[in-house]
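The values are calculated or read from the model by the stated rules, or taken from the named source; none is laboratory data. Every value quoted in this text rests on a predicted model; they were computed, and no experiment measured them. Positions of Cβ are generated from backbone atoms using ideal geometry, with glycine treated the same way; all protein chains shown enter the neighbour counts.
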Amino acid sequence: MKKLLLAVAVSSVAAGSANAATVYEKDGFTYKLNGDFQVQMREAIGVDERAEVEYDDLELKNYVSYDLGNGLTGFGRLDFGFKDAAEDDTNGSNLEEAYVGLKYGVASFSFGKQNFASDEFGIEEAYEVETIDEDRFDGFETDGDDSVRVDVELDNIYIVASHEMDADDDKGKGIGGEFYDLFVGTDIAGLELAAAYQQYRPVDVAVNGDSVGTYGVSAAYDFGFMSLAADYSVSDWTKDDDQNVSWTEEDMTQYNVAAVFGVASTTDVAVGVGNKDSDVDGYKDVTEWYANVTYKFPEAKNVRVFAEVADSDLKKSNKEVDMGMLAGLRVKF
């Protein structure tokens with residue numbers, strides 16, 4: 001699935017991407033570079049939507065490391081994304097990750113602008129989700145620029161803990177405060193299990209509530225002819241009423257189920273469904289489903305074409321939304 005645990009461990013913050021190209025390596029110094037370019041034609045789920053060219057990924061990722069001796073490694077990462085610049089026809093790039101760290105044995109410590117531990121969670125296989133989030137962690141923040149993170153890679157257990165010291169509000173989500181995240185994944189006889197937890201403490205309690213706790217569990221198994229995975233995540237928080245005299249508990253739950261079929265050595269077909277349900281005022285029970293096909297060129301499987309259809313039972317302005325569809329090309333290294 002999208003975030004199988006073994007793939008996550010191989011691509012941990014101290015190792016760089018598994019697909020990265022080694023540009024230079026000498027005297028204990030290593031420089032790796034990898035990129036992910038995806039452009040697609042898409043008509044989004046909605047009412048009277050029109051097709052447009054969309055840039056899902058335009059990323060360049062730089063990774064450097066030094067062998068410091070006695071099993072100690074110093075490393076750093078600097079990633080740039082050009083998606084927003086391409087979409088908005090503006091100049092410049094977006095700094096997506098910028099961190100440094102040290103690794104010793106099975107453990108690494110990093111700090112800077114990077115993903116939270118909860119970003120490792122999730123199994124959905126859609127190229128795009130429109131009317132629901134990928135999971136409940138995605139409904140809040142899963143990265144920040146004041147973050148410290150610890151990764152531990154054991155034989156078949158992957159553990160990540162992170163702390164965002166001062167989340168700002170630069171993404172328009174109305175979120176500011178601290179985040180504490182934990183992710184644990186393991187592989188037991190081919191069954192990949194994962195669990196994650198996040199605690200969010202708003203900077204303005206009177207506006208945002210006391211705190212938000214989000215947890216999730218997932219499982220994935222490869223049957224040979226197909227891979228099947230599911231996850232379930234819940235957010236619960238306290239919210240002040242209009243008179244500011246009492247607190248109420250409100251929950252939002254979400255599940256995802258996805259299956260991937262290898263119909264040929266070069267071709268995968270994925271189908272999935274996600275549902276978000278909440279007792280929070282203004283939210284509704286929404287289900288979104290999708291199906292996609294991906295073809296990887298046998299000469300270079302990092303070049304692939306894909307197509308997807310998706311639909312939702314969400315209503316906008318009391319109108320049923322129309323099915324969405326997309327097709328595109330992805331090149332990565």
Inset, instruction - Give just the number: which of (1) in contact (Cβ under 8 Å) with a residue 40 or more places away in the chain; (2) in a loop (DSSP other than H, G, I, E, B) does ASP155 not satisfy? - result: (1)
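Residues checked against (1) within 17 Å of TYR197 (Cβ to Cβ); (2) over 18 Å from the mean Cα position of the chain (by Cα):
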position	(1), (2)
SER65	no, yes
ASP88	no, yes
GLU128	no, no
ASP138	yes, no
HIS163	yes, no
Inset, instruction - May I ask you to list the residues in the stretch 293-315 that are surrounded by fewer than 14 Cβ atoms within 10 Å (Cβ to Cβ) and over 23 Å from TYR55 (Cβ atoms)? - result: PRO298, GLU299, LYS315
Inset, instruction - Could you grab the pairs with beta carbons closer than 6 Å, sequence gap of 6+ or different chains, first residue in the stretch 316-331 and within 14 Å of VAL303 (Cα to Cα), second one in a strand (DSSP E or B) and of a type in the set (S, T, N, Q)? - result: GLY328/GLN40; ARG330/GLN38
Inset, instruction - Filter the stretch 133-144 for residues that are modelled with pLDDT of 90 or more and either of a type in the set (Gly, Ala, Ser) or surrounded by fewer than 21 Cβ atoms within 10 Å (Cβ to Cβ) (or both) and give the result. - result: ASP143, GLY144
Inset, instruction - Just give me the residues in the stretch 16-43 being of a type in the set (A, V, I, L, M, F, W, C) and over 18 Å from ALA86 (Cα atoms), in sequence order. - result: ALA18, ALA20, ALA21, VAL23, PHE29, LEU33
Inset, instruction - Sort out for me the strands (runs of 3 or more DSSP E) sitting completely within the stretch 7-104 that have 1 or more residues that are under 30 Å from TYR290 (Cα atoms) and in contact with a helix residue (DSSP H, G or I) (Cβ under 7 Å, 6 or more places away or on another chain). - result: 52-69, 94-104
Inset, instruction - Could you please tell me which pairs satisfy a Cβ distance under 7 Å, a separation of 6+ or placement on different chains, a first residue in the stretch 203-225 that is over 21 Å from GLY274 (Cα atoms), and a second residue that is of a type in the set (A, V, I, L, M, F, W, C) and at pLDDT below 90? - result: GLY209/TRP237; ASP210/TRP247; SER211/TRP237; VAL212/PHE140; VAL212/TRP237
Inset, instruction - Please work out if ALA310 is without any contact (Cβ under 8 Å) to a residue 24 or more places away in the chain and among the aliphatic types (A, V, I, L, M). - result: no
Inset, instruction - Give the residue that is farthest from TYR66 (Cα to Cα), with candidates limited to residues of the stretch 86-111 that are at pLDDT below 85 and surrounded by 13 or more Cβ atoms within 10 Å (Cβ to Cβ). - result: GLU87
Inset, instruction - Please enumerate the residues belonging to the stretch 288-321 that are among the charged types (D, E, K, R), in a strand (DSSP E or B) and modelled with pLDDT of 95 or more. - result: GLU288, LYS296, ARG304, GLU308, ASP311
Legend entry - Residue within the stretch 114-127 that is among the hydroxyl-bearing types (Ser, Thr, Tyr) and in a strand (DSSP E or B) present: no
